[in-house]
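Here the structure is laid out as structure tokens; the discussion comes afterwards.
Nothing in this text is a laboratory measurement; each read-out follows from the coordinates by a stated rule. Values in this document were obtained by computation on a predicted structure and should not be read as measured data. As a convention, Cβ positions derive from the backbone with ideal geometry for all residues, glycine included, and neighbour counts pool all protein chains shown.
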Amino acid sequence: MKGVIYLEDGTVYKGRGFGWTGTKVGELVFNTAMTGYQKTLTDPSYSEQIITMTYPLIGNYGINDTDYESDHIYAFGLVVKDVCFHPSNWKCKMTIDEWLKQQKVPGVYEVDTREITMKIREHGSMKCVISTEGLPLSQLKKLCDETELRTDQMKDAGTDHVIEWEAENPQFHVAVMDLGCKRSILKELHNRNCSLTIFPYGTKAKTILAAHPDGVFITNGPGDPESATEDIIVTEKLITNSNYGENQMPIMGICMGHQLIALASGGKTYKLKYGHRGVNHGVFDKKTGRSYITSQNHGYAVDSNSVVLKGLDITHLNLNDGTVEGMQHIRKPVFSVQFHPESNPGPNDTGYLFDQFIDLMKGGKL
């Protein structure tokens, strides 16, 4: 079947369709990872985005039962150079074509993904229509013009009820503010003997504090962090209640959680031209003097000048563009990073940050 990508500036890319026969409107972005497409598509941080994979061949090891970051695909579409319809892997349960059909997600292939990526890098992420049902360009233009993209996907990307996840040998109790969390992130805490109480978006600070957690973890999630108005207020109140000492309650944030800590402290965030999405982003840790390769998925960043005046020290920097990749509070056990330290689908260089959170719950200091 035919496949087409229609951009808000009128640019059209024609190829072949695969997956679900349908049409979606979302934000066109690109991801530079060579592997991990199943984890990428099920990452809630990609909610309502249309992902262009820069690696040319996608689907060669199929879809399995283990590489899920959530229970379904959150992306609105997939754009690739070439699709493997006959994968070879002992864990494979279905092809990516079958999976996209099942999940009602359209895909387009046999387009120049390098040209699309260069387009995004030059002009920035933009609104896009992806269609595999042969609609005329006039209808695609109408859909693109009339569709407003959401900015508050974090409000329904996570759980809608409280979830208890008991550890086999619990040593700590962590309250999780779920903005669209990846399963692998929660597993890192659970594997470190943390029992988790996972709270939905908008849960009041007093409810979280009433659970008497040893620490609070603020997760990744999709959308514009400034749209997370309720959880910015919650984060501000939790930071106020977080202190070194006998009743120490450390706070760790990643990705959107990192941005909410900045906003709750009085800082600012801004939208990047085309974001950071991939598993090969270099980050410099100012505290250790080491550089790490990280997994990232975000379209917004923290304004460095806005946070240094609000009691936060910058601890990590992006080696490509110098943006803020990590912070810590100068008086409280609060720290955050912009990247995903749990190693999925990328490298595990920065897993030490979870150990740092555990050490804080033991009474240590940053």
(request) Note the listed values (1) 73, 50, 33; (2) 65, 44, 38; (3) 63, 53, 36, then indicate which one is Cα extents along the principal axes in Å calculated from this particular structure. (result) (2)
(request) Compute the distance in nm between two label points, each set 7 Å from the Cα along the Cα-to-Cβ direction, one at GLU110 and one at GLU164. (result) 5.5 nm
(request) Answer with one residue from CYS92, VAL12, GLN103: the one whose Cα lies farthest towards the positive end of the charge dipole of the stretch 2-146, charges on Cβ with Lys, Arg +1 and Asp, Glu -1. (result) VAL12
(request) At 7 Å along the Cα-to-beta-carbon direction for both TYR270 and TRP90, put a label point, then send me their distance in nm to one decimal. (result) 5.1 nm
(message) Per residue of the stretch 47-52, what does 6.51 cos²θ - 1.76 cosθ + 1.60 with θ = phi - 60° give for ³J(HN,Hα)? Whole Hz please, x for Gly and Pro, Karplus curve as stated.
(response) 3, 6, 9, 10, 9, 9
(request) List the residues whose amide H sits under 5 Å from the amide H of ASN280, counting only those 5 or more places along or on another chain, with H placed 1.01 Å from N in the peptide plane. (result) GLN296
(request) Give the residues of the stretch 26-47 whose amide nitrogen is closer than 16 Å to a point set 7 Å from the Cα of LEU57 in the direction of its Cβ. (result) 34-37
(message) Cross-link candidates for LYS286: which aspartates and glutamates have Cα within less than 19 Å, leaving aside residues fewer than 8 places away along the same chain?
(response) ASP303, ASP313, ASP321, GLU325, ASP349, ASP355
(request) Report the full-extension gain for the segment THR35 to ASN280: residue separation times 0.36 nm, less the Cα-Cα distance, to one decimal in nm. (result) 87.1 nm
(request) Using the Karplus curve 6.51 cos²θ - 1.76 cosθ + 1.60 with θ = phi - 60°, work out ³J(HN,Hα) for each residue of the stretch 65-81 in order, rounded to whole Hz, and write x for Gly and Pro. (result) 8, 10, 8, 9, 9, 7, 8, 7, 6, 9, 5, 8, x, 9, 10, 9, 6
(request) Just rank THR35, THR203, THR219, fewest to most, by other beta-carbon atoms within 10 angstrom. (result) THR35, THR203, THR219
(request) Grab the DSSP H runs of the chain that are 4 residues or longer, score each as -39,500 (n - 2.57), total them, divide by all residues and round the 222 nm result to the nearest 500 deg cm²/dmol. (result) -6500 deg cm²/dmol
(message) For a 21 Å ceiling on Cα separation, which of these pairs sit above it: LYS2/LYS142; LYS187/LYS237; LYS237/LYS310; LYS14/LYS93?
(response) LYS187/LYS237; LYS14/LYS93
(request) Scan the chain and report its longest stretch carrying no trypsin sites (Lys or Arg not before Pro) that are both in a DSSP loop and have at most 14 other Cβ atoms within 10 Å. (result) 105-203
(message) Taking the number of other C-beta atoms within 10 Å as the exposure measure, put TRP90, TRP20, TRP165 in order starting with the fewest.
(response) TRP90, TRP165, TRP20
(message) Over the Cα atoms of the stretch 154-361, each weighted equally, I'd like the Debye log10 I(q)/I(0) at q = 0.08, 0.16, 0.19 Å⁻¹, rounded to two decimals.
(response) -0.23, -1.01, -1.51
(request) First measure r as the distance between the Cβ atoms of ASP82 and THR288, then evaluate 1/(1 + (r/R0)^6) with R0 = 45 Å and state the FRET efficiency to the nearest 0.05. (result) 0.65
(request) Rounded to the nearest 0.05, what FRET efficiency do LYS204 and VAL308 give with R0 = 51 Å and r taken as the Cβ-Cβ distance? Could you check? (result) 0.95
(message) Can you give me the distance in nm between label points at LYS142 and LYS362, each placed 7 Å from the Cα along the Cα-to-Cβ direction?
(response) 6.4 nm
(message) Could you give the length gained by full extension between GLN103 and TYR352, i.e. 0.36 nm per residue of separation minus their alpha carbon distance, to one decimal place?
(response) 86.1 nm
(request) Grab the beta carbon distance between LYS2 and THR151, set R0 = 22 Å, and tell me the FRET efficiency rounded to 0.05. (result) 0.10
(message) Angle check, please: helix 352-361 long axis (alpha carbons) against the longest principal axis of the chain (alpha carbons), in degrees 0 to 90, nearest 10.
(response) 30 degrees
(message) I need the phi-derived Karplus couplings for the stretch 246-252: 6.51 cos²θ - 1.76 cosθ + 1.60, θ = phi - 60°, integer Hz, Gly and Pro marked x.
(response) 4, 9, 4, 10, x, 10, 10
(request) Mind putting a number on the dipole of the chain about its Cα centre? Charges go on the C-beta only, +1 for Lys and Arg and -1 for Asp and Glu, and I need it in Debye to the nearest 20. (result) 460 debye
(message) Helix 229-240 against the longest principal axis of the chain: what's the angle in degrees, Cα atoms only, rounded to the nearest 10?
(response) 30 degrees
